[in-house]
Amino acid sequence: MDKTADVLFYLPASHDAYRQAIFDVIRIFLPRFQWAEDAAQAEQITIIQTEQTWTLQMGANRSVFAVDGLDENQRRRMLKQQVYALMQQYTGQKDHPWGIMTGVRPTKIVHRCLDEHMPLDKISRMLRQDYLMHAEKTALLLDVTARQRPFLFNRQQAKESVSIYLSIPFCPTRCAYCSFPSFCLPKPHLQEEYLIRLLAECQAVGDALRQQGKQIQTIYIGGGTPTSLSAPQLERLLDGVQRYLESSALAEFTVEAGRPDTITAEKLQLLHDYKVGRISINPQTFSQKTLDTIGRRHTVQQIYDVYDMARQIGFDSINMDLITGLTGETPDDFARSLEQIARLQPENVTVHTLAIKRTARLQLDELSCRQSNVVTEMHELMNQWLAGQPYVPYYLYRQKHMIGDQENTGYCLPGKESLYNIQMMEERQTIFGLGVGSTSKYVNADDWTLTQSSNPKDLIFYNQRIDEIIAKKIAKIEEM
Ligand SMILES: C[S@@+](CC[C@H](N)C(=O)[O-])C[C@H]1O[C@@H](n2cnc3c(N)ncnc32)[C@H](O)[C@@H]1O
Ligand code: SF4
């Protein structure tokens, strides 16, 4: 294991303004890094600031840099660059593909520049020089944002329409790698109660939106695994959604069918009958050995079977999720998964990079070291594969604790972008999250700022507090 894995740095409280920025950069190199609470047991970080120069000292390493004429944001970025350089010296690691770009939504930075009509070559230079990003990631970011541009709302559109996310946080069993909040299917009476409460939330939000003259552009039922509901439950849900969230502007309706072992012809037919236009059937991998290792209790054959079923029923917009970096997977396994995608040609493919979930964090450094080269190789393979494929990238985000410092990218056949995914990522439309654990994001179209609020993560608590949850949402809608 990397001998620097347990290194501790201490930052005095006087530098608190830069604590998060420095922490984020150290974490690029040492994924398990935590601040030392006691200066005596750690390497000290100090920043000596004068009007012209700052001196950054990290343990025995030092960097002096000019800050003359720079504003606060530029100084902060410069500081991050220097921490990055000192951490390279400290760990002996080579540079990372995303440089000091540590946020979850790097596309938003590019969109802001495009709003200000900054020329593309200048944006590209900024990403390379200021954020230290590799050319390949810079090109990916520019490609994604260019493709998203026509779908981004102007201020007027953002005031007129919203999207809706509904959470079905149930799964038949829990997959080993999953970092999403979801419960193994609870007792039937709790499922029932949840459906009743969720539909009450739908009805109240739908009515209030209609009264305010707001349109619904997209609906996304996710989870969890919505198809882990029984067929009659699914039908009640779809019927309620159709009844309460009806909107003449509805342009996209997605249900994350997800795990093949929850999908039946009857449920697919229901989805189709209720005008669900887009579904996910997620392999994660086409290797049976990996599926067994990660506790995804279905076969590769089941993936093909439900995919064929969905095509026969008439679905013409199917997404498939893959993950790079799954336990025990080799680049060859991943190449075989890509071959299957090439053969099946789903309209959307989302390629995630494994993010280590909280309970596995203790092994984070070891896992990262072992798998990050594999993940890098998988991403290189994917780029070569993409060169011979019609798929183009249309949304992208990064997560904390990802292996190999890569990203999650959604690809689509040309013209088959998912509107919801773009809206959710770029945050230029208000999205109401309904149901357990879902987050609502309220966009202020005057300045594109955002406020968020989340529903309770606990099922019983959600069920009990539904009146209060609804009242809060209605108040928000009335303010819009
Ligand atoms: C909310 S999950 C729901 C999908 C559905 N339940 C299924 O399993 O097919 C959405 C996607 O996130 C991805 N995912 C979940 N945990 C992950 C992790 N730890 N790292 C990377 N991707 C992850 C998987 O690709 C999964 O399909
Ligand atoms: S079925 Fe999907 S949401 Fe459920 S545990 Fe597995 S990956 Fe997570």
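The values are calculated or read from the model by the stated rules, or taken from the named source; none is laboratory data. Model, not experiment: these values are computed from the prediction. Here the Cβ positions follow ideal geometry from the backbone for every residue, glycine too, while neighbour counts run over all protein chains shown.
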_Given the condition farther than 16 Å from I168 by Cβ, at pLDDT below 95 and either out of contact with any helix residue (DSSP H, G or I) (no Cβ under 6 Å at 6 or more places or on another chain) or of a type outside the set (K, R) (or both), answer yes or no: does some residue in region 214-235 qualify?_
no
_Selected residue (only one of I281, I303 is at pLDDT 95 or above, within 11 Å of ligand 1 (Cβ to nearest atom) and out of contact with any Gly (no Cβ under 9 Å at 6 or more places or on another chain))_ = I303
*Keeping to region 397-416, report how many residues are in contact with an Asp or Glu (Cβ under 7 Å, 6 or more places away or on another chain) and buried (at least 23 other Cβ atoms within 10 Å of the Cβ).*
1
*asked:* Within region 171-188, take every residue that is more than 8 Å from ligand 2 (Cβ to nearest atom) and not in a loop (DSSP other than H, G, I, E, B) and give me the one that is modelled with the highest pLDDT.
replied: P188
*Check off (1) in a helix (DSSP H, G or I); (2) of a type in the set (K, R); (3) under 30 Å from T264 (Cα atoms) for K137 and give me the number that stays unchecked.*
(3)
*Could you check, for region 152-167, whether at least one of its residues is assigned to a loop (DSSP other than H, G, I, E, B), modelled with pLDDT of 95 or more, more than 16 Å from ligand 2 (Cβ to nearest atom) and under 19 Å from the mean Cα position of the chain (by Cα)?*
yes
*Is there a residue being in contact with a helix residue (DSSP H, G or I) (Cβ under 9 Å, 6 or more places away or on another chain), closer than 21 Å to Q452 by Cα and within 16 Å of ligand 1 (Cβ to nearest atom) anywhere in region 177-199?*
yes
*Every residue from region 307-324 that is under 24 Å from G222 (Cβ atoms) and away from ligand 2 (no atom under 14 Å from the Cβ)*: Y307, D308, M309, A310, R311, I313, G314, F315, D316, S317, I318, T324
_region 315-344, residues that are within 23 Å of the chain's Cα centre (by Cα) and assigned to a loop (DSSP other than H, G, I, E, B)_ = S317, G325, L326, T327, E329
